[in-house]
Amino acid sequence: MLKKIPIVWLLFLNILAYPVDLQLSTIVDNQELIPVIKLNGDIVIKIRDVGTKQVFSSAFERSENIFSSLKEAGETKANLSRIRIRRNKADYVAYIDNIEIFRATPSDVIGSDLTVYQMASLWRENIENALNKPSFNANSYTSSDNQSSGNTPLISFLSIFSNNSVFIMLVQMAAFVLIQVIAIAFTFQYLNRRYALITDDFHRRLKKFHHEQIRMKSLLASLDQHVQDSTKKKETSHQQPS
């Protein structure tokens, strides 16, 4: 019996120290590509937002940061089982030995019925539940999940680019430039139409003024002729003998 005890302890320590299967992947939810972190095949964290502190340029960059933290601090099941949650102002931060692993923010609970603390607790609970499952690929970490049941080959291809923050930045820059070009085009078209309307109105007023001048000249000429006729009649009447 005494000889078996060390073997049992060795088996127990081997289970605790055994690496976990940690994966960074993507899923499609409501026609939106969302980065997720999987542990032993289970989705433990879904990153839908960049976070309220605007530290990251995209949800994909934020998910990469959380994945790297979990990978570095959670090399074994024993480490991941020591996650503790503390409040930091409006956020709730998960730590392992005072090292920040992930942070739940108010923007993460928009559209859900959970509080920020409940969201952080849910992520920790998901990790704890996934630790109780056997690892599918215990000796490796991967940043993509080719066995995702909901992903088509096209989505898997896009997810490779989506995990690249440089690609996201270039897409955002291209979208910004495109929006600026469209805005300038619409502004130019609006100003052209406005200028055409103002020009047409000016020409219409100028033409009306010209017609008024012609009418006034005709009226003045008619009055002048009438005065001349009246003067002649008056002179003729004075020259006749009485």
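Report whether or not Y117 is surrounded by fewer than 19 Cβ atoms within 10 Å (Cβ to Cβ), of a type outside the set (A, V, I, L, M) and assigned to a strand (DSSP E or B). Explain how you work it out, then say what you get.
Numbers: surrounded by fewer than 19 Cβ atoms within 10 Å (Cβ to Cβ): yes; of a type outside the set (A, V, I, L, M): yes; assigned to a strand (DSSP E or B): no.
Criteria not met by Y117.
Yes/no matrix, rows are residues, columns are (1) modelled with pLDDT under 80; (2) over 17 Å from V109 (Cα atoms); (3) crowded, with 18+ Cβ neighbours inside 10 Å:
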| residue | (1), (2), (3) |
| --- | --- |
| K3 | yes, yes, no |
| N14 | yes, yes, no |
| Q23 | no, yes, yes |
| V36 | no, no, yes |
| N40 | no, yes, yes |
| V44 | no, no, yes |
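Is it true that D49 is surrounded by fewer than 15 Cβ atoms within 10 Å (Cβ to Cβ), within 23 Å of the chain's Cα centre (by Cα) and assigned by TED's automatic domain parsing to the domain that holds E32? Walk me through it before giving the result.
On the way: surrounded by fewer than 15 Cβ atoms within 10 Å (Cβ to Cβ): no; within 23 Å of the chain's Cα centre (by Cα): yes; assigned by TED's automatic domain parsing to the domain that holds E32: yes.
Taking the combined requirement at face value, the residue does not satisfy it.
The values are calculated or read from the model by the stated rules, or taken from the named source; none is laboratory data. Only a predicted model underlies this, so the values are computations on that prediction, with no experimental measurement involved. Glycine also receives a Cβ, built like all others from the backbone with ideal geometry; neighbour counts cover every protein chain displayed.
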